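Trainee: Once you've had a glance at the structure underneath, I'll fire off some questions.
Here, each number is a calculation from the coordinates, and none is a lab measurement. Predicted, not measured: the structure shown is a model, and the values here were computed from it. Cβ sites come from the backbone with ideal geometry, for glycine too, and all protein chains shown count toward neighbours.
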Amino acid sequence: MKKIILFGDSIAAGLYQGEVVHALDHALSTTLNALGQADFKIINLGKRGDSTTSSLERLSQLPQDERTADYVVLNVGVNDAINQRDNQEAYRKNLEQLINFFKHSQVILIGPSYIDEKIKTQTIPEILVEYTQIAKEVADKNKVSFIDFYHYEKSFEDPTLYLQDDGLHPSKLGYHLLGALIAQCIQQKEQK
């Protein structure tokens with residue numbers, strides 16, 4: 001059985017209606033099964049409130065069996081973009097260190113997600129776009145897969161449908177979309 005590690009913030013953890021319910025695990029597993037890719041074990045190492053800095057600090061605490069997997073999905077950065085706005089270079093370096101830590105796995109980096117700035121008023125859309133671009137550059141430089149979740153959400157007429165009432169975390173539909181994007185990426189890698 002192949003192993004997928006979901007590592008990062010509350011979106012990786014699958015926060016829904018204020019509780020960690022592993023919504024992303026479920027969406028990813030359901031889509032992988034539908035694609036005929038059922039032989040996966042998902043380990044969720046998401047943590048509410050994590051930034052790239054706090055994620056790096058957690059790495060040394062990981063048991064040996066959680067330091068490598070067939071696939072590692074890194075979903076961290078939205079907290080950097082909304083809480084540490086002028087931290088672009090640290091964000092870049094932190095992402096590179098996270099990718100390097102999991103270098104023996106196939107890494108899939110998820111860019112920061114769309115945030116409804118009417119609800120999360122501290123959000124600056126241009127900063128989200130900038131952090132997304134940094135994540136894409138880091139993924140390209142390190143030759144890992146990149147999913148521009150912000151772009152996918154913004155491509156819909158009403159991207160708020162993909163968010164919970166808090167304006168930040170994915171709705172059920174949002175988790176389904178993210179799970180499908182990750183599953184598609186994994187399926188493409190499995191077919192090579």
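Trainee: Check each of the trypsin sites (Lys or Arg not before Pro) in segment 77-150 and keep only those in coil by DSSP with at most 10 other C-beta atoms within 10 angstrom; list them in order.
Mentor: Lys118, Lys143
Trainee: Among the GluC sites (Glu not before Pro) in segment 94-192, which ones are in a DSSP loop with at most 16 other Cβ atoms within 10 Å of the Cβ? Mind listing them?
Mentor: Glu117, Glu157
Trainee: To make sure I understand, if each residue's beta carbon is the centre and we count other beta carbons within 10 Å, what order do Ser54, Ser60 fall in, fewest to most?
Mentor: Ser60, Ser54
Trainee: Quick check on the chain: of the DSSP beta bridges with both residues there, what percent are antiparallel, nearest 5%? Display every interim value, and only then the final one.
Mentor: Details: 3 of 23 bridges.
Counting DSSP beta bridges with both partners in the chain, the antiparallel share is about 15 percent.
Trainee: May I ask you to derive the relative contact order of the chain, considering only C-alpha pairs under 8 Å and at least 6 residues apart, and to give it as an integer percent?
Mentor: 25 percent.
Trainee: Here is a follow-up. Using only Cα atoms, figure out Rg for the chain and give it as a multiple of 2.2 N^0.38 Å.
Mentor: 0.94
Trainee: Work through the residues other than Gln133 whose Cβ is under 12 Å from its Cβ and net out their charges, Lys, Arg +1 and Asp, Glu -1.
Mentor: -3
Trainee: In a shell of Cβ-Cβ distance under 12 Å around Leu163, excluding Leu163 itself, what net charge do Lys and Arg (+1) and Asp and Glu (-1) give?
Mentor: Summing Lys and Arg as +1 and Asp and Glu as -1 gives -2.
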